[in-house]
Amino acid sequence: MNPILNLLSLLGIVGLCFIAWLGSEDRRIIPWKVIFWGIGLQMVVGLIVFGLGSNLVEGLSNLLNVVLDASEAGAQFLFGGPASMLVSDPNFAAGPGPAGRWIARTVGNPYVAVAGDRLGTDNLNPGFAYVLAFRALPQVIFFSGLVSLLYRLNIIQPVVKWFAVIFQKTMRISGAEAVAGAANIFVGIESAIAIKPFLLDMTRSELCAILTSCFGSIASSVLALYAGLLRPTFPSIAGHLVSASIMTIPACFVISKLLIPETGEPKTLGHIPDDKESDSSKRPNPMDSLIGGALDGVKMAVGIAAAIIAILGMVALINAVFSGISTLVLGASPAGDTSLVTQFFANPLANLLGMLFLPLTFLTGVSLDWQELWSCSLLIGRRLFETNIPPYQALGVFAQTGEISTRALLIVSYVLCGFTHFASYGIFVGGLSGLIPERRNEVASLGFKALWAGTLATLMTGCMAGLFDIGNAAVLGR
């Protein structure tokens, strides 16, 4: 434990609010009540997660881990489980052949030996330990169907309303934006559908708050994806992702209200609007909800795969162009050259983003060690273009190799818990514009402000994790 880092995290909260205020549309209006109660709610959640209710978070993680394991049953049936024998090879010991063991590594437990392995249990078939398409994307489909079923059974709605009441009563925001923010803990842009009748008449500040909460939190349908990437080194990551989503919503309201203060009179100010959902005769039965949600999950999984393929390909292309330009201008670098220029052009886009995010990463109190701070800044910066998935994967690798501390692992995992990347811009701005086409231009103009606000909000959540971290590795579930 380093008290200086905890103090730095506390000062980082103030610093991030000040940065948001600098970009305000009207600096004369400071929403003190939203700031006080928003940060206060974050601290209450932080006390529960890291102090009074740490056992509750561990229990929640254990429960979610059971669901995560169950989500792989369908993938194992489709792609073959640990007992599959797709290709036989007489040169190997009894058991699955090379392809069968590869499938077992992919959709089974990558850390358990399979018959026929030539390597020890500590080094099983390098390169085939985890394949995203077979292990993570099916979980997105399962969780999407599960959330849809829970909505149909009216299990999630009371929880959403409970959070909405807390947000509305404490921060004195409008009921509609409180409902949208609370719903974002469980879903994405679908949260705006719950308040669709009120969207057309909403103020500019309300629309920005709704978009910011979309960018700042994660939908439960992708929770399994992110949790699966870190579970080997962060066993209780599932519970912490839930707490990060809850903690970020008040931060989204704080930052968005600083950027675009409320100057109008929201129609739902002072009360939570009634649920406008259609009557039960028009709603599908539970099985239809499960299958329909799973089909929506298929679209999401395909979209994730397409985005990763396109974006990572573009990043590689941009890096290749920069590398080619550097070779033409500076000449080919000699073997073993470790100069800063050579290191920069080896991965220019990630390094540029790392430099841009370095001051913001420092404010989270992640570390005072330069190399660790730079590694964390690279991960946070990469998210803007590459989405959350590659940074979460890299974070898991860094944790396994000991490149970063448990404090850095904790804080960065909280910061990355959000949709603050360009791939989500089209989804959220396009989705909200589709609900209110009459205000399409205004929503588009708010898009990048909301993306910036969501980024600051996730960094504030990282500050909260850093503030309450006392160096206890048990928080990670180890």
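Values in this text are rule-based calculations from the coordinates and carry no lab data. Keep in mind that what you see is a predicted model, and the values were worked out from it rather than measured. In this analysis, Cβ positions are derived from the backbone assuming ideal geometry, glycine residues included, and neighbour counts consider all displayed protein chains.
What the table shows:
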read-out	value
Highest average packing first - 151-163, 458-470, Cβ atoms within 10 Å	458-470, 151-163
Integer Hz, Karplus 6.51/-1.76/1.60 couplings in order for the range 467-477, x for Gly and Pro	5, 9, 6, 10, x, 8, 5, 5, 4, 7, x
Amide H contacts of Leu269 (H built 1.01 Å from N, under 5 Å, at least 5 apart or other chain)	Gly175
By average C-beta atoms within 10 angstrom, highest first, the peptides 242-253, 444-455	242-253, 444-455
Long pairs among Lys33/Lys196; Lys33/Lys257; Lys196/Lys449; Lys161/Lys299; Lys161/Lys449; Lys161/Lys196, criterion Cα-Cα beyond 18 Å	Lys33/Lys196; Lys196/Lys449; Lys161/Lys299; Lys161/Lys449
